[in-house]
Amino acid sequence: MKEIDVHDANSNAVPYVENEHLPNEKWKGGGAEALLKMEKDASVSVKYHSNFGSHDDLLLLEVDDKLLSEFLNNRITIRGQPNDEAVLCTPSTTYALKFVGTSNSVFLIPAGEHNSLNNDVASNNELAEARSVVSVLKVASGVMELVPIAPKLDKLKFLLKERLYTLEEDDEMDMESDTHNRGLYSFQDLRDLIQASDNELIAGLESLSALEINGFWRILDKSITNDVLTMILRNAIIHEWQISALKEYEVLPMLESDGYPLKIVIHCLNTHGNKSESSENGLLWSLDEKKLCLHFAKQILTSKKMKLENFMTKWKSNLPTEMNTDLTILEGEVLCEKIGMETWIRSFSVSSLPSSPQERFATLFKERPKWEWKDLHPYIRDLKVPGVSSEGLLIKYTRKTQPTEDSEPVFSAR
C-alpha cells in the first residue's frame, strides 16, 4: 500500500480521537500519538487505514482556545428539533454551525493501536516501524465553523402563551396528569425545544415576566397582573401607603386575604418594582413609575385605536395623581397617526415582533411603508446580531431618504 511522507506532502494530518482503552493496554505505536509526539523537522509516513472511507458521521469542528475549554469540560450542547438547523450552545452563547470547504486535503488519523502485550515482546525494529507509520481513516473536504448568533426565542413566547396562568386553575387537580400538564413546560422541556444557551433562555424568561409554578414556567394572564396592581394602588390610598416604600409585611397579608397567592403578589411586585431592606420595617418595595404607567396604558389599548385625548384622560384616571403620564414612556409600545384634525393612538408592541432582523423589518414595513427615525428606533434597538451594528442592519434592510440636511430622515424597505 502506498505511503506518503507527511513532512513532504501538501496535506494536513489531524489526530481526531483519543482512544479509551483498558488499564493494561499499552501503545504499540503509530496513529495520532505519532503526530503528537513528532519532533521538529521530523517526518512520518501515512497509509490508508483498513477502514478508510467517507465516514459521514465524522466531522471536523474548528474552535478557538476559549471554546475548547467548554468542550473539554462538557459544557456544550447541540440543540434543535429534527426540522431545525442545529445550533451549538455553551452556557452563555448560541452558535450556528457552518461548513467551510478547504482547498487542502485534511487527513483524519485515529489513535494508535493498543494491545495487552508488553512492548518488550516486540522487537525494537517492529516498534520503530509501527511508530513511524500512521493510518488515515478519512480525508475531510472541510471543517465546521462556529458563528455566534442571536438566540432563537420567538418559539419561547409561542410555547408559554399556549396556556396562560389563571387563578381559576383547580389547585386540587392532579398535577401529574398528562392531560392537566398539556401545554406546560419545565425548564428542561424548554432547553430541549428552544435554540438558545441556558443564560439566554433565562434572560428570555425574564423578559416575558415568566414565573415557575409547580415546576412549570408560566406567563400570568394579564387580568391577574392588572388586578394585583390595582388592589395595591387602592389599598395604598385607603391605608395611606407610600408606593415608593411599600412594607411587605403589610402588603402581602392584605392581598392574600383578597384571594391572591403570595407567590403571585411577590412576582407582580418584582416585575413592576424594586425591593430594598429597612432595618425598621423589613422588606420594602418601591413601585416603578414607568413600568406601572406602561402596564395601565397597555391595558387601556387592548383592542381598537382611540383618540389620543380620550386615551390620555383614561390613562391618568387609572394612576396616582403624582405619576407622570408622558407619551415617551410608551415608545415601542404604541403608534400615533394623524387622521384629519385628530390624533389617534393604538397598541403596537415591540414584544410582539419577530426577533429575526429580516422578519422584523418585513413586519415593520408591512405596518408602515415609511418610518421616521424617532418612530423606527424603538422597534429595532433590541435587535442583537453578533458582529453587526445597528447601522449595519439599517444599511442592509432599509433605504434612507433625507430631502434636506435639516429634515428628519425617512426609512423605507430596501
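Can you find a residue that is in contact with a strand residue (DSSP E or B) (Cβ under 7 Å, 6 or more places away or on another chain) and either in the same structural domain as Leu252 (by TED's automatic domain parsing) or not basic (Lys, Arg) (or both) anywhere in region 310-328?
First, the residues of region 310-328 that are in contact with a strand residue (DSSP E or B) (Cβ under 7 Å, 6 or more places away or on another chain): 311.
Next, only the ones that are either in the same structural domain as Leu252 (by TED's automatic domain parsing) or not basic (Lys, Arg) (or both) stay: 311.
Scanning region 310-328 turns up at least one residue that is in contact with a strand residue (DSSP E or B) (Cβ under 7 Å, 6 or more places away or on another chain) and either in the same structural domain as Leu252 (by TED's automatic domain parsing) or not basic (Lys, Arg) (or both).
Have a look at Ser141, Ser209 and point out the one that is hydroxyl-bearing (Ser, Thr, Tyr) and either modelled with pLDDT of 95 or more or under 15 Å from the mean Cα position of the chain (by Cα) (or both). Even if it seems obvious, please write down each step before you answer.
Values: Ser141 fails: either modelled with pLDDT of 95 or more or under 15 Å from the mean Cα position of the chain (by Cα) (or both).
It is Ser209.
Checking Lys316 against (1) closer than 19 Å to Ile345 by Cα; (2) in contact with a Cys (Cβ under 9 Å, 6 or more places away or on another chain); (3) of a type outside the set (A, V, I, L, M, F, W, C), which test does it fail?
Going through (1) closer than 19 Å to Ile345 by Cα; (2) in contact with a Cys (Cβ under 9 Å, 6 or more places away or on another chain); (3) of a type outside the set (A, V, I, L, M, F, W, C) one by one, Lys316 breaks only (2).
Each row is one residue, and each column tells you yes or no for (1) free of Cβ contacts under 8 Å to residues at least 40 places away in the same chain; (2) of a type outside the set (Phe, Trp, Tyr); (3) surrounded by 13 or more Cβ atoms within 10 Å (Cβ to Cβ); (4) assigned to a loop (DSSP other than H, G, I, E, B).
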residue	(1), (2), (3), (4)
Gly53	no, yes, no, yes
Asp57	yes, yes, no, yes
Leu68	yes, yes, no, no
Phe71	yes, no, yes, no
Arg75	yes, yes, yes, yes
Ile78	yes, yes, no, no
Gln81	no, yes, no, yes
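Show me the strands (runs of 3 or more DSSP E) entirely contained within region 328-414 in which 1 or more residues are touching a residue at least 40 places away in the same chain (Cβ under 8 Å). Before you say what the answer is, go through the steps one by one.
Numbers: elements: 334-339, 342-347, 370-372, 398-401, 410-413.
The qualifying strands (runs of 3 or more DSSP E) are 334-339, 342-347, 370-372, 410-413.
What's the total number of residues in region 184-202 that are within 12 Å of Ser92 (Cα to Cα) and without any contact (Cβ under 8 Å) to a residue 24 or more places away in the chain?
Of the residues in that region, 1 qualify.
Among the residues of region 359-370, are any in contact with a helix residue (DSSP H, G or I) (Cβ under 9 Å, 6 or more places away or on another chain), exposed (fewer than 13 other Cβ atoms within 10 Å of the Cβ) and within 17 Å of Asp154 (Cβ to Cβ)?
yes
Please find, among Ser390, Ser347, Ser352, the residue that is closer than 24 Å to Lys290 by Cβ, at pLDDT below 90 and in contact with a helix residue (DSSP H, G or I) (Cβ under 9 Å, 6 or more places away or on another chain).
Ser390
Tell me whether region 313-324 contains one or more residues that are surrounded by 15 or more Cβ atoms within 10 Å (Cβ to Cβ), in contact with a Leu (Cβ under 9 Å, 6 or more places away or on another chain), closer than 30 Å to Ala150 by Cβ and modelled with pLDDT under 95.
No, region 313-324 has no match at all.
Identify the single condition in (1) in a helix (DSSP H, G or I); (2) within 24 Å of Ser207 (Cβ to Cβ); (3) in contact with a strand residue (DSSP E or B) (Cβ under 8 Å, 6 or more places away or on another chain) that Val265 does not satisfy, given that it satisfies every other one.
So Val265 meets the others, but not (3).
Of everything in region 284-304 that's at pLDDT 90 or above and more than 16 Å from Ile329 (Cβ to Cβ), which residue is farthest from the chain's Cα centre (by Cα)?
To start, the set of residues in region 284-304 that are at pLDDT 90 or above comprises 284-301.
After this cut, where a residue has to be more than 16 Å from Ile329 (Cβ to Cβ) as well, the list is 284-286.
Working: Leu284: 32, Trp285: 30, Ser286: 30 Å.
Only one residue fits best here, namely Leu284.
The values are calculated or read from the model by the stated rules, or taken from the named source; none is laboratory data. Note that this is a predicted model, so its numbers are computed, not measured. As a convention, Cβ positions derive from the backbone with ideal geometry for all residues, glycine included, and neighbour counts pool all protein chains shown.
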